[in-house]
Amino acid sequence: MNSLMQRILEIAPVWVYLTVGLLVFAEDAIFIGFVIPGETAAVLGGVAASQGHVQLWAMILLVVLAAIVGDSVGYEVGKHFGTRLLGMSMLDRYRGRLDRAQEFLAHRGGWAVFLGRFTAFFRAVMPALVGTSRMPYGRFLAYNATGGIVWGTTFVVLGYLAGQSYEKLASTVGRGMTIAVVVIVVVGLIVWKVRERRHAKVIEAEYETTHGENAPGPH
């Protein structure tokens, strides 16, 4: 954590703002952007703010705007190219999760836009799927803006609090113990991510099995 903070502090503030903003924007705007760590970038932006390297209010505003604008671009991508994009073979490995996202959208409507922002895969694909579904932009924007404000503020502030807590803990129990605590937290996050990934693979396997059984046989 100390090494990470040091690296962040070595970067000019303008580049911190630019990098965080672009990562958050790209995750939402690019339909296949689920490999882009927008959420991690928002947290690191908060960490940089905790060290006084950037302004907290400016980072929150930047992340919120990048999220809302990125989602709006993703919506337009889906509106104009969604059907074609969904048919791309490169998305076959994600077909089960895409179907799940579409079902979630069909059942939740506008709330899927808000709730989807808090799940990595849904956050990346939901705007385009909503655009493909032809939901009116005004309705989409209302949920999109609400989700962007809550999500952006939450994760930047979490990063800010994490950065401040690290410094306080380090001064109290020493950096060695603090690093050990951080390692435990990181391992816990890795385990959670691995379990999430396995769950996604199960969904994809069930999709392939179901559609394989339903596929027409040879004539």
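The values are calculated or read from the model by the stated rules, or taken from the named source; none is laboratory data. Predicted model only: the values in this text are computed from it and were never measured. Backbone-built Cβ (ideal geometry, glycine too); neighbour counts: all protein chains shown. Side chains included, ligands, DNA and RNA excluded: accessible areas come from the protein's heavy atoms. Shrake-Rupley method; radii C 1.70, N 1.55, O 1.52, S 1.80 Å.
State in Å² the accessible area per residue of segment 13-108; use a 1.4 Å probe, count heavy atoms of protein chains only, and round to the nearest integer.
Per residue, segment 13-108 has 49 Å² of solvent-accessible surface.
Mind listing the phi-derived Karplus ³J(HN,Hα) values for segment 121-127, rounded to whole Hz, using 6.51, -1.76 and 1.60 with θ = phi - 60°, and x for any glycine or proline?
Rounded to whole hertz, the list is 5, 4, 4, 7, 9, 4, x.
Give me the net charge of GLY131's neighbourhood, meaning all other residues with Cβ under 11 Å from the Cβ of GLY131; Lys, Arg count +1, Asp, Glu -1.
Working: positive: LYS79, ARG134; negative: ASP71, GLU76.
Residues close to GLY131 contribute a combined charge of 0.
What distance in nm separates the simple spin-label points at THR119 and ALA106, each placed 7 Å from Cα in the Cβ direction?
The answer from the label model is 1.5 nm.
Using each residue's phi in segment 53-65, evaluate 6.51 cos²θ - 1.76 cosθ + 1.60 at θ = phi - 60° and report the 3J(HN,Hα) Karplus result to the nearest Hz, with x for Gly and Pro.
Computed from phi, the couplings for segment 53-65 are 6, 9, 7, 4, 4, 5, 5, 4, 4, 4, 5, 4, 5 Hz.
Using a 7 Å offset from Cα along Cα-Cβ at ARG139, what residues in segment 67-96 end up with backbone N under 18 Å from the label point?
72, 75-76, 78-80
Percent of accessible area on segment 124-163 owned by carbon and sulfur, 1.4 Å probe? Present the calculation step by step, with values, prior to reporting the outcome.
Values: 1100 of 1520 Å².
The computed percentage sits at 72.
Per the Kirkwood formula on distinct C-alpha pairs, the Rh of segment 56-174 is how many angstrom? Let's see the in-between values first.
Numbers: mean 1/r = 0.0647 Å⁻¹.
The answer is 15.5 Å.
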